[in-house]
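The values are calculated or read from the model by the stated rules, or taken from the named source; none is laboratory data. Owing to the predicted nature of the structure, the values given are computational and were not obtained by experimental measurement. When we count neighbours, we look across all protein chains shown, and the Cβ atoms used for this are built from the backbone with ideal geometry, even at glycine. Keep in mind that these areas ignore ligands, DNA and RNA; they rest on the heavy atoms of the full protein, side chains included. Shrake-Rupley method; radii C 1.70, N 1.55, O 1.52, S 1.80 Å.
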Amino acid sequence: MTAAPDRTEHVLELKQVSRQYGREVTIEALREVNLSLEPGDCLAITGPSGAGKSTLLNIIGCLDRPTSGNYFFEGIDTTTLSDHERAGLRSQRIGFVFQSFHLLPHRSVLENVMLADVYRKQSQRGRCERALAAIERVGLAHRADFLPSKLSGGERQRVAIARALVGSPSLLLCDEPTGNLDSKSAAEILDFLEQLNLQGMTLIIVTHDENVARRAARRVHIIDGTLTDITDQTSSRIPAEAAMKSDARGAPLPSGMAFRDLLEEAIAGMFARPLRTLLTMLGVVIGLTALVATVGLSFTANNRIISQFDELAATEVIVTGKSGLTGVDPLALPWDAAERLLRLNGVVAAGTMSAVDTSEVLVSASPVRDPRRQTAFNLAIHAASPSLFAAVRADLESGRFMDEGHSQRMDRVAVLGPTAAQRLGIVSVEHLPAITIGDYRYLVIGILRGVARQPALLGSVIIPEGTARHDFGLQRPLSVVIETRIGAASLIVQQSPLALRPDDPSALRVEFPPEPQRVRDAVQSDLNAMLLLLGGLSLIVGAIGIGNITLVSVMERIGEIGLRRAIGATRKHIAIQFLLESATMGIVGGILGASLGVLIVVAVSAYQVWTPVLDPAAPILAPVVGGAIGLVSGTYPALRAARLEPVEALRN
Ligand code: ADP
């Protein structure tokens, strides 16, 4: 910053200042303007619309730079200052009062006035007292807690003046300060401004109104960017000793903002329209709820499916005769296969099971009341050792299982699979139902409800092995189903052929369980990919929602953006504020989404009596993901807000 000591007597001095707009067609908004102002001056700038008044005001207020010429403020050449330093000058030395007040509608009078301190990087201590003192100075102490909407136009303008006075500026810039007021309020505001001037405040008032202009000691008129001094030399300036001397306060600090203030502004921005903020967050809330809930539920359900599946698959071994050229060797397994296997350490249950050739065996329910109406079914018939029921984890709907005695005595008894029983029309064994298999009558002693293994048994008629041997010429059991202890399957796979056929173990074929971990991984990764895709899609919708609403909010708050720039915000401050607002919405959305997701997982698990399985990272990651979505979707609107010219924004 360059300081010219000889100019410290002036509050400001413009030398040959010009401002042009446009490149191809240039508009000369200001032409070589020379103007200087001493402390305590009251200057009215008049001129028709489009003459260049706002352009001049914006240059004086360091909201715009001249195209050529020099502008000194309290001796500092502002044309050499950085954006940050110019913002610092605005926040510390210049007060702004606008025609349309530019008060934040959702903040109280006190909060609106305190806003002036936000960009001065001052600690929050004393901020409230300074604001209250300024409010008292404009005579509105009894309205400090009011919202602007509850105030009259004149009162609102006084709040705006209080906001401008908080930092004890060297210059008060008023742009049509009475333009929106009725004549009574306008007169009051003018009286108040006159009072301020009499107390030594340097004032510039831009106005259309002759009555307003006439009250100023100095007057300049602009037409087509050219400034003419039309001061009535008889008018009196305030005495020099009353003027607040421009006391060479030195270069202003660059404008700055404490993080706490930034956060408070962002949160206040969010709460300005709580319902809209809530609706905006809904996209992210739904997306993250879906994500956390689906991932949690998939873990929970998978855990359950997989644990059942693992246990069943990992403990099942089936031994059959090896297939040769003539089919499966029917003599490969001994009759006492189940007993032999049960002697092995690691076998929980074992039972033999053989499909009886049913090509010519029809089964029908009997006794037959009307032989003409009798229906015969071609049902599967299995011969089973009594221990098979435990090995396949069968449970009964009605009656009982067969036992060793049935087989030894070759009793004609049968246990029906549930589908077979349904087809035969037998629902219970209470009335001793019987069925006819080929030429023999069998007493139904049990009906199964289900089996965990060997689903073929569900539609089958199960008879004792001894009986099958006698009635259907079963030579040997065809397979043996083994349930092992968890982890013992591979050992049993090795040992069972030797236990069953020590003479020729290679005559047997052993089916062993698939590797559960690989199956689990395949199932889980497919499921998770789909659910993540669904959650991801919801999040994209949420991101578009936040981006869209932040953009709408930027458009709605153009005036506020202009005001913030005027009171000292840099482009960076504006961008950060909007980014923080959208990120906070994302984070809050994330927290809500994660909580709802966890609740859903817990509720569904409680209902299903499952153990909820939650990835501990999910509730922590959800707010982070939400925040990131908010940041990304808020970037474009925030940049647009930052790029707005304060001059244009304030006109809006
Ligand atoms: P006043 O405040 O006296 O009504 P302004 O200072 O707003 O006048 O404008 C002076 C001239 O500069 C007008 O012709 C206006 O159209 C032009 N002007 C102002 N701002 C811009 C801009 N950003 N781009 C182009 N022309 C502009």
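With both bridge residues required to lie in the chain, what share of the DSSP beta bridges run antiparallel, to the nearest 5%? So the antiparallel bridges in the chain amount to around 65 percent.
Local charge for G88 was computed over the other residues whose Cβ lies under 10 Å away, with Lys and Arg +1 and Asp and Glu -1, and equals +3. Take 332-341, 608-617 and order them by the average number of nearby Cβ atoms within 10 Å per residue, most first; the result is 332-341, 608-617. Per-residue SASA remark: C174, around 0 Å² accessible (1.4 Å probe; ligands, DNA and RNA not included).
The heavy atoms of S49 present about 100 square angstrom of accessible area, all protein chains included, probe 1.4 Å.
When +1 charges are put on Lys and Arg Cβ atoms and -1 charges on Asp and Glu Cβ atoms, the dipole computed for the chain relative to its Cα centre reaches about 360 debye. Working from Cα pairs under 8 Å separated by at least six residues, relative contact order for the range 2-256 is 30 percent.
Only Cα pairs under 8 Å and 6+ residues apart enter the sum, and on that basis the relative contact order of the chain stands at 17 percent. Rounded to the nearest 10 square angstrom, R19 shows an accessible area of 40 square angstrom against a 1.4 Å probe. Around the amide H of L396, modelled in the peptide plane, lie the amide H atoms of R449, all under 5 Å away and 5 or more residues distant in sequence or on another chain.
Electrostatic tally near E265: other residues with Cβ closer than 11 Å to its Cβ, Lys and Arg +1, Asp and Glu -1, net -2. In loop segments of the range 544-610 as defined by DSSP, there are no trypsin sites (Lys or Arg not before Pro) with at most 15 further C-beta atoms inside 10 Å of their C-beta.
First check a/c for the range 1-148, with a ≥ b ≥ c the square roots of the eigenvalues of its C-alpha gyration tensor; if it is under 1.5, answer rounded, and if not, answer prolate when a/b is larger than b/c or oblate otherwise.
In terms of gyration-tensor shape, prolate.
The H on the amide N of A217, modeled in the peptide plane, is under 5 Å from the matching H of C42, each at least 5 residues off or on a different chain. Measuring how big the range 2-256 is from its alpha-carbon positions, Rg and Dmax come out at 17.7, 55 Å. Residues H208, H84, H573, sorted by accessible area with the largest first, give H208, H84, H573 [1.4 Å probe; ligands and nucleic acids excluded]. Rounded to whole Å, the principal axis extents of the Cα atoms in the chain read 140, 52, 50, largest first.
Output the pairs from K150/K184; K15/K572; K15/K53 with a Cα-Cα distance over 25 Å in this structure; if there are none, say none. Violating the 25 Å limit, Cα to Cα: K15/K572.
Counting protein heavy atoms only, the chain has 57 percent of its accessible area on carbon and sulfur, 1.4 angstrom probe. If you take all other residues with their beta carbon under 11 Å from the beta carbon of R501, and give Lys and Arg +1 and Asp and Glu -1, the sum is -1. Solvent exposure of the chain, expressed per residue, is 47 Å² of accessible area, with all protein chains present and a 1.4 angstrom probe. Projected label points at V328 and R343, each 7 Å from Cα along the beta carbon direction, are separated by 2.5 nanometres. With q set to 0.14, 0.18 Å⁻¹, the log10 of I(q)/I(0) for the range 333-500, from the Debye formula over equal scatterers at the Cα positions, is -0.69, -1.06.
Cβ-Cβ distance of E404 and L282, R₀ of 56 Å, FRET efficiency by 1/(1 + (r/R0)^6): the value works out to about 0.25. Each residue of the range 202-208 was assigned a 3J(HN,Hα) from its phi angle through the Karplus curve 6.51 cos²θ - 1.76 cosθ + 1.60 (θ = phi - 60°); the sequence is 7, 10, 10, 10, 8, 8, 8 Hz, with glycine and proline shown as x.
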